[in-house]
1. Is it the case that ILE7 is surrounded by 12 or more Cβ atoms within 10 Å (Cβ to Cβ) and either at pLDDT 90 or above or under 13 Å from MET109 (Cα atoms) (or both)?
2. So the check is Cβ under 8 Å with 6+ separation or different chains; which pairs have a first residue in the stretch 44-68 that's at pLDDT 90 or above and a second one that's in a helix (DSSP H, G or I) and surrounded by 10 or more Cβ atoms within 10 Å (Cβ to Cβ)?
3. Only residues that are closer than 19 Å to ARG85 by Cα and not polar (S, T, N, Q): list them for the stretch 31-48, please.
4. For PHE40, which of the numbered conditions (1) touching a Ser or Thr at 6+ places or on another chain (Cβ under 9 Å); (2) part of a helix (DSSP H, G or I) fails to hold?
5. Test each condition in (1) closer than 30 Å to THR15 by Cβ; (2) surrounded by fewer than 15 Cβ atoms within 10 Å (Cβ to Cβ) for TYR90 and report the one that comes out false.
Amino acid sequence: MGPRDGIEDDMSVPTKIDRMEDGDIVIRWDDETQTRWKAFELRQACPCATCREKKREVASAPSKPKLLPVISAAEARPVRIESMRPVGNYAYNINFSDGHGSGIFSFAMLKRESQPRGPAVAETQ
């Protein structure tokens, strides 16, 4: 079995993931492109059922006067990516510093929704 077995021909596959000093991750793809994600962007884009339901509730809630939200100390801290684990040959499960870790981020979603950075270039350090 090869690294692309079971993968659709038009789906890009990550070849390398780097964690940057600022906490962002850069994903290099087999088509020579790269994408960069901030941890909070990934957290907000979480595709799990709980997060999708919360987004639906917010979108369908009647407009009310804006009150200052009460948030916990954990919510006030910047979110970080604690770990990433492959799920089959199509996605990653990402665990965040706020304790959330049930989202399955498909390769297609990670590539499509992030900010493209063009062709991957060799890092000079």
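1. So ILE7 fails the test.
2. ALA45/MET109; PRO47/MET109
3. Passing the criteria: ARG36, TRP37, LYS38, ALA39, PHE40, GLU41, LEU42, ARG43, ALA45, CYS46, PRO47, CYS48.
4. Condition (1) is where PHE40 drops out.
5. Result: TYR90 fails condition (2) only.
Each row is one residue, and each column tells you yes or no for (1) in a strand (DSSP E or B); (2) over 18 Å from the mean Cα position of the chain (by Cα); (3) not basic (Lys, Arg).
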position	(1), (2), (3)
CYS51	no, no, yes
LYS55	no, no, no
SER63	no, yes, yes
LEU67	no, yes, yes
VAL70	no, yes, yes
SER83	yes, no, yes
ASN95	yes, no, yes
ASP98	no, no, yes
SER102	no, no, yes
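The values are calculated or read from the model by the stated rules, or taken from the named source; none is laboratory data. Note that the coordinates shown come from a computational prediction; the quantities given were computed from them, not determined experimentally. FYI the Cβ positions are ideal-geometry reconstructions off the backbone, even for glycines, and counts take in every protein chain you see.
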